[in-house]
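If you scroll down you'll find the structure; I have some questions about it.
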Amino acid sequence: MKILIATEKPFAKIAIDGIRKIIESSGHELNLLEKYTDVSQLLSAVADADALIVRSDKVTAQVIAAAKKLKTVVRAGAGFDNLDLNACTEKNIVAMNTPGQNSNAVAELVLGLMIFMSRNKFCAGTGKELKGKKLGLHAYGNVGRMVARIAKGFDMQIWAFDPFVKKEAMQADGITAVDKVEDLYSNCDYVSLHIPANETTKKSINYKLLNLMPEGGCLINAARREIIDEDDLIKLFEERTDIKYATDVAPSNIAELQQKFDARIFATPKKTGAETAEANINAGLAAAVQIINFFKNGDTTFQLNK
Ligand code: 3PG
């Protein structure tokens, strides 16, 4: 089988070496399309692929239509908003992700962003410590849990809102679990977003919610750009000169935000949460193993379009 890795943002070489070993030792062929600049390159590379591994690369209906032999696509990572699941289902293509594999990298970045913002972006001026502050996790999945684990080491008080996780499970982890999302924002000094981008969550982080944050509140977004209502963010920043925002996914109005509120806002130039050798190895190798097992035994454990 021909397995294509198509990554606009490539995996570390050490991860590619590991993936190659897994694929070739199972008798399959690895093809690489890295740092492509135009979708036409992806469309032609995918034409004869039996399996596809991507990161945040958009696997649209157009890509699926061009992939005449494709049987499975694996998003090496957690969020799968870049995959057109309906298009996959229509062509009987099994879409999968690799949940949890890159979570620690994202969680470490969250703590890094919290410290960076609390110390005035490492510029002059009196900063604040994380110790004793309340951290609100908006969703308690793989990344949220790892953020909680690390933040406990900073002596933070951890709160979480997640209607999909049992309150008892959060409480067993020493987390204050809230029933209403508003309670998270009105109580926590820091709120870290860990919800996926989908039709329900898009623009759900809005003025009403953010304005509940206490004096000096700091919002961290290592999830997805689309979940923020960007017009509301500007309104909030204009009214609340105490609020800070650090994001791993630059808002589309970042130029305006930076021009007006530079000291209180930070955005990474390119999504960097999962950009560690370890995360590349974990997610990339997991994707390769999932594909091998799919071809060998029909294993669809991580299938998304069931
Ligand atoms: C994910 O959903 O797994 C993360 O956002 C990482 O995305 P990336 O593979 O594009 O770095």
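The values are calculated or read from the model by the stated rules, or taken from the named source; none is laboratory data. Fair warning: this is a prediction, and the values are worked out from it, not measured in the lab. Positions of Cβ are backbone-derived with ideal geometry, glycine not excepted, and every protein chain shown enters the neighbour counts. What goes into the accessible areas is simple: the full protein's heavy atoms, side chains included, and nothing from ligands, DNA or RNA. Shrake-Rupley method; radii C 1.70, N 1.55, O 1.52, S 1.80 Å.
Answer yes if at least one residue in segment 133-144 is farther than 22 Å from LYS166 by Cα and in the same structural domain as ASN221 (by TED's automatic domain parsing), and no otherwise. Working first, answer last.
Filtering segment 133-144 for residues farther than 22 Å from LYS166 by Cα gives 133.
If we keep only those that are in the same structural domain as ASN221 (by TED's automatic domain parsing) too, we end up with 133.
For segment 133-144, residues farther than 22 Å from LYS166 by Cα and in the same structural domain as ASN221 (by TED's automatic domain parsing): present.
Condition check ((1) in contact with a Pro (Cβ under 9 Å, 6 or more places away or on another chain); (2) at pLDDT 95 or above; (3) not charged (D, E, K, R)) across all residues:
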| site | (1), (2), (3) |
| --- | --- |
| LEU257 | yes, no, yes |
| PHE261 | no, yes, yes |
| PRO269 | no, no, yes |
| THR272 | no, yes, yes |
| GLU275 | no, yes, no |
| ILE281 | no, yes, yes |
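With the condition kept exactly as written, say whether any residue in segment 146-154 is under 22 Å from ARG264 (Cα atoms), of a type in the set (Lys, Arg) and open to solvent by 30 Å² or more (accessible area, probe 1.4 Å).
No; the residues of segment 146-154 include none that is under 22 Å from ARG264 (Cα atoms), of a type in the set (Lys, Arg) and open to solvent by 30 Å² or more (accessible area, probe 1.4 Å).
Only one residue in GLY132, GLY174 is in a loop (DSSP other than H, G, I, E, B) and out of contact with any helix residue (DSSP H, G or I) (no Cβ under 9 Å at 6 or more places or on another chain), so which one is that? Talk me through it step by step, then tell me what you get.
Details: GLY174 fails: out of contact with any helix residue (DSSP H, G or I) (no Cβ under 9 Å at 6 or more places or on another chain).
Result of the check over GLY132, GLY174: GLY132.
For LYS202, only one of the following conditions fails: (1) touching a residue at least 40 places away in the same chain (Cβ under 8 Å); (2) within 16 Å of the ligand (Cβ to nearest atom); (3) not polar (S, T, N, Q). What is its number?
With (1) touching a residue at least 40 places away in the same chain (Cβ under 8 Å); (2) within 16 Å of the ligand (Cβ to nearest atom); (3) not polar (S, T, N, Q) applied to LYS202, the lone miss is (1).
Counting residues that are under 26 Å from ASN142 (Cβ atoms), at pLDDT 95 or above and open to solvent by 10 Å² or more (accessible area, probe 1.4 Å), which helices (runs of 4 or more DSSP H) fully inside segment 1-98 reach at least 2?
By residue number, 13-25, 85-90.
Hey, among ALA87, ALA51, ALA61, ALA65, which residue is touching a strand residue (DSSP E or B) at 6+ places or on another chain (Cβ under 7 Å) and either polar (S, T, N, Q) or in the same structural domain as LEU285 (by TED's automatic domain parsing) (or both)? Working first, answer last.
Numbers: ALA87 fails: touching a strand residue (DSSP E or B) at 6+ places or on another chain (Cβ under 7 Å); ALA61 fails: touching a strand residue (DSSP E or B) at 6+ places or on another chain (Cβ under 7 Å); ALA65 fails: touching a strand residue (DSSP E or B) at 6+ places or on another chain (Cβ under 7 Å).
Being touching a strand residue (DSSP E or B) at 6+ places or on another chain (Cβ under 7 Å) and either polar (S, T, N, Q) or in the same structural domain as LEU285 (by TED's automatic domain parsing) (or both) holds for just one of ALA87, ALA51, ALA61, ALA65, which is ALA51.
Please find, among PHE154, PHE122, the residue that is in contact (Cβ under 8 Å) with a residue 12 or more places away in the chain and of a type in the set (Phe, Trp, Tyr).
Numbers: PHE122 fails: in contact (Cβ under 8 Å) with a residue 12 or more places away in the chain.
When all the criteria are applied, what remains is PHE154.
Can I ask one more? Just to check your reading of the model, which residue among THR37, THR98 is among the β-branched types (Val, Ile, Thr), closer than 27 Å to ALA246 by Cβ and either without any contact (Cβ under 8 Å) to a residue 40 or more places away in the chain or within 11 Å of the ligand (Cβ to nearest atom) (or both)?
THR98
Determine whether GLN303 is more than 16 Å from the ligand (Cβ to nearest atom) and within 25 Å of PHE164 (Cα to Cα). First the steps, then the outcome.
Working: more than 16 Å from the ligand (Cβ to nearest atom): yes; within 25 Å of PHE164 (Cα to Cα): yes.
Criteria met by GLN303.
Identify the residue in segment 254-277 that is aliphatic (A, V, I, L, M), out of contact with any Leu (no Cβ under 9 Å at 6 or more places or on another chain) and open to solvent by less than 50 Å² (accessible area, probe 1.4 Å) and, among all such residues, is nearest to the ligand (Cβ to nearest atom). Give the steps one after another, and end with the answer.
First pass over segment 254-277, keeping only residues aliphatic (A, V, I, L, M): 254-255, 257, 263, 265, 267, 274, 277.
Right, trim to out of contact with any Leu (no Cβ under 9 Å at 6 or more places or on another chain) and you get 254-255, 263, 277.
Keeping just the survivors that are open to solvent by less than 50 Å² (accessible area, probe 1.4 Å) gives 254, 277.
On the way: ILE254: 18, ALA277: 13 Å.
Filtering segment 254-277 for residues that are aliphatic (A, V, I, L, M), out of contact with any Leu (no Cβ under 9 Å at 6 or more places or on another chain) and open to solvent by less than 50 Å² (accessible area, probe 1.4 Å), the one nearest to the ligand (Cβ to nearest atom) comes out as ALA277.
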